[in-house]
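Visitor: Quick one: this structure, given as structure tokens, is what I'll be asking you about.
The values are calculated or read from the model by the stated rules, or taken from the named source; none is laboratory data. Note that this is a predicted model, so its numbers are computed, not measured. Ideal geometry is used to build each Cβ from the backbone, glycine not excepted, and the neighbour counts take in all protein chains shown. Only protein heavy atoms, including side chains, enter the accessible area calculation; ligands, DNA and RNA are left aside. Shrake-Rupley method; radii C 1.70, N 1.55, O 1.52, S 1.80 Å.
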Amino acid sequence: MTEKEFLTLYQKKRGLKSLNEAKEKVNMFWDTLFEALEENESVSFRGWGVFEKKVVPARRIMNINTKKIQYSTPRKTVRFRTGSNLSLRINEEKKVD
């Protein structure tokens, strides 16, 4: 599913007037989530999952052409762990009559 398809589905489900309004609301959610992650180490949605900030340490890398050893810079990334409700909804099988 592309972003546009998702926004169209969200617009229909929420009864919004335009795709721009749907995109605004979705972006507002992500902006709020990122602000919360900047303040805290994790954001938890009970039963749905946890967004966690994780520090990826520097790695030792060898340039194959020059045989020179370099080090990558440490960086931060976001990890999502699914919760029980989300796992159950994804794994439940649709009944075919």
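Visitor: So which residues in region 31-53 are modelled with pLDDT under 95, surrounded by fewer than 11 Cβ atoms within 10 Å (Cβ to Cβ) and farther than 15 Å from Lys76 by Cα?
Guide: Within region 31-53, just Arg46 meets the criteria.
Visitor: Can you pull out the strands (runs of 3 or more DSSP E) entirely within region 34-74 that have at least 2 residues that are hydroxyl-bearing (Ser, Thr, Tyr) and within 29 Å of Ile90 (Cα to Cα)?
Guide: On the way: elements: 42-45, 49-56, 60-62, 69-71.
Filter on region 34-74 gives 42-45.
Visitor: With respect to Leu9, is the statement that it is of a type in the set (A, V, I, L, M) and part of a loop (DSSP other than H, G, I, E, B) true?
Guide: no
Visitor: Considering only region 79-90, I want to know if a residue exists there that is open to solvent by 60 Å² or more (accessible area, probe 1.4 Å), among the charged types (D, E, K, R), farther than 25 Å from Glu3 by Cβ and not in a strand (DSSP E or B).
Guide: no
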